[in-house]
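Worksheet: one structure, shown below.
Read-outs: derived from the displayed coordinates by stated rules, not from any lab. The structure presented is a predicted model; accordingly, all values stated were derived computationally and were not measured. Cβ placement follows ideal geometry from the backbone for every residue including glycine, while neighbour counts extend to all protein chains displayed.
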Ligand SMILES: Cc1cc2nc3c(=O)[nH]c(=O)nc-3n(C[C@H](O)[C@H](O)[C@H](O)COP(=O)(O)OP(=O)(O)OC[C@H]3O[C@@H](n4cnc5c(N)ncnc54)[C@H](O)[C@@H]3O)c2cc1C
Ligand SMILES: Nc1ncnc2c1ncn2[C@@H]1O[C@H](COP(=O)(O)O)[C@@H](O)[C@H]1O
């Protein structure tokens, strides 16, 4: 199959964040960046689908400044065949603008599947994949927690609150990937060497109007420091009392 | 003055809590524009229109009812097409949905169809002229972003529980509208797998009892269930360590890559408090933790901690809660 995966470069989710002096973004100094978690599940899912199909091509796309090329190389070191960098000064906070630029590039690519993360860690929005599907005019499954291709059609599972849907869909299609589909592999040394020689094409992104911008970034209020009431069953009466009088949940 | 269109989400023919919260958010926004109307979109199998009056209670002026046998299930492409077509008939200031499984799916479809900007998982909305300003927790709740959305209209999805449903009764008029068929190839629902019955959803529960690897074995989740029962109507959650091991379904997972919850009371049993777990529950009103390691990071965020063995402390706590709630 021919599969495209759109990946975002985001800071490591374990980081302690500081706000930049502009007050409108995080301070990126000293942070580690990598392929966004859900997007890395999408890369792994694409590789496994093609391994299972016994062939095909896997292509990664990223829109952003030159530093996204690191993420594209990383995906190629995992086994992706080639990469496309859509160059932009920065990644906008406007998911529709990103989706338009990606769709313009993906259109005519002849992909059976285009995979995305369910949402990106930084934007936590879940917009780009679904909107890209609309711009491409293809079927779309959002937040798939299982994904297979059987007899030329897609099969997916999607979690609802307290239930799940089992879905089938025609190809070509866009699928956004939830946890559960696949844990990303680590690149092998051989993979890292091979990635250096794989094709990475860079061209300007066709970003239109940007209609969503970040005005302010703030750290949320800290929780008051925790309190240990005591040890073992002896602490239960105190806990029950506090749940009644202070937390008022009993 | 501008009207606001809101998606009134249902499941199995019943309006969901998020529908009332979304109507409340839409009402606030319509009022802020200087007295616009709230138009709710209610879609479902024939008969769903009977629910329209409930939306009036929370401030809907008009309820557009689209009934179709195909709408018994979440017919995402057709819902999106019907809402988008309806939106073209009015200059809506915004189209509001919940950031729920349905709303997350529909929002970007509608925004793309209408070429509108979209902001997701919003906790506050302010409007002034052609500018909307919203708050949205990004970076898995670690950074709160204030986003500015330009233009006369936008799609907004609101975070569950961020807008408390408020009564503001209007004599909602009902209008029947036709279901618009899907304009893109569709996905077909082959089966709905219902989760455990008799417990509230994690996103709606006011009390959540969660278990981690410290419970030692899948069968010990019985202790978590029993404590949830003692509290009455509590939901049961889990860490990724537990869902990875298959002790609990993935849908029970709380955290950065699982569900994000904010209940009145969150009880963490045998959970270390990894940063990715905290990302999903740190905004809970009160946090209780029981862990045998007094250095466990969960104690840094727990309002009340007990250092001890869950297998010993939890059954005793369950008995004590039953005792304290006698008469309920
Ligand atoms: C990209 C990414 C995303 C992730 N997303 C999530 C997510 O969404 N949700 C999530 O939960 N995790 C997530 N994780 C995993 C997370 O990092 C932790 O591994 C996980 O939360 C640990 O689960 P735990 O607390 O159950 O297990 P452990 O960390 O193993 O903790 C078990 C705790 O139980 C205590 N304990 C042991 N025995 C007893 C006993 N008898 N009585 C009392 N206490 C006892 C121990 O002291 C310990 O603190 C993610 C990780 C990554 C890398
Ligand atoms: N700048 C980008 N370049 C490529 N893919 C992206 C970009 N931004 C977002 N995506 C993809 O869209 C998904 C959802 O992002 P978002 O809508 O921002 O939550 C991500 O997991 C990526 O798969």
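Observations, loosely collected:
- Partner chain coverage, peptide B:111-122 - average Cβ within 10 angstrom: 6
- Most mobile of A:122, A:37, A:27 in a GNM of chain A (Cα contacts under 10 Å): A:27
- Shape metrics for chain A, restricted to C-alpha atoms - Rg then Dmax, Å: 21.4, 68
- Cα centroid separation - region A:102-180 against region B:262-284, whole Å: 29 Å
- Crossing angle, helix B:310-324 versus chain B [Cα axis fit, 0-90 degrees, rounded to tens]: 70 degrees
- DSSP bridge orientation in chain B - percent antiparallel, rounded to nearest 5: 25 percent
- Euclidean distance between Cα centres, region B:288-328 to region B:1-38, Å: 40 Å
- When the Cα atoms of region B:222-328 are aligned to their principal axes, the ranges along those axes come out at 39, 29, 26 Å in descending order.
- One decimal place: the segment residue B:89-residue B:173 gains 28.5 nm when fully extended, by the rule 0.36 nm per residue minus the C-alpha distance.
- Antiparallel content of DSSP bridges confined to region A:1-157, in %, to 5: 40 percent
- Prolate/oblate/rounded call for region B:168-238, Cα gyration tensor, a/c under 1.5 rounded: oblate
- With a Förster radius of 30 Å applied to the beta-carbon distance between residue A:185 and residue A:14, the computed FRET efficiency rounds to 0.90.
- DSSP bridge orientation in the protein assembly as shown - percent antiparallel, rounded to nearest 5: 35 percent
- Shielding by partners, peptide B:309-322 (average Cβ within 10 angstrom, other chains): 3
- The simple spin-label model puts a point 7 Å past each Cα toward its Cβ; for residue B:12 and residue B:233 those points are separated by 1.5 nm.
- Both the radius of gyration and Dmax for region B:140-286 are 19.4, 56 Å, in that order, over alpha-carbon atoms.
- Remark: the Cα gyration tensor places region A:112-230 in the rounded category, a/c being less than 1.5.
- Order of A:227, B:104, A:211 - criterion: other Cβ atoms within 10 Å of each residue's Cβ, fewest first: A:227, A:211, B:104
- Angle in degrees between helix B:101-114 and the longest Cα principal axis of chain B, rounded to the nearest 10: 30 degrees
- Expected 222 nm ellipticity per residue - DSSP helices of 4 or more, -39500 (n - 2.57), all of the protein assembly as shown, to 500: -8000 deg cm²/dmol
- Distance between modelled label sites at residue B:197 and residue B:150, nm, 7 Å Cα→Cβ extension: 5.5 nm
- Calculation over all alpha carbon pairs of the protein assembly as shown in 10 angstrom steps from 0 returns a P(r) of 3, 17, 27, 27, 18, 7, 1, 0 percent.
- Centroid-to-centroid, using Cα positions, region B:126-195 and region A:1-67 are 26 Å apart.
- Helix A:95-106 and the long axis of chain A differ in direction by around 30°, with both axes built from C-alpha atoms.
- Ranked from largest, the principal axis spans of the Cα set of chain B equal 63, 43, 40 Å.
- Neighbour-count order for B:322, B:277, fewest beta carbons within 10 angstrom listed first: B:322, B:277
- Dividing the mean sequence gap of close Cα pairs (under 8 Å, 6+ apart) by how many residues chain B holds gives a relative contact order of 14 percent.
- Coarse-grained scattering of region B:1-154 at q = 0.09, 0.12, 0.18, 0.20 Å⁻¹, given as base-10 log I(q)/I(0) from a Debye sum over alpha-carbon atoms: -0.26, -0.46, -1.06, -1.30
- Each label point was placed 7 Å from the Cα along the Cα-to-Cβ direction; for residue B:115 and residue B:130 their separation is 1.5 nm.
- Rounded FRET efficiency, nearest 0.05, which uses the C-beta distance separating residue A:231 from residue A:53 and R0 of 41 Å: 0.15
- The ranking of B:307, B:261 from fewest to most other beta carbons within 10 Å of each one's beta carbon is B:307, B:261.
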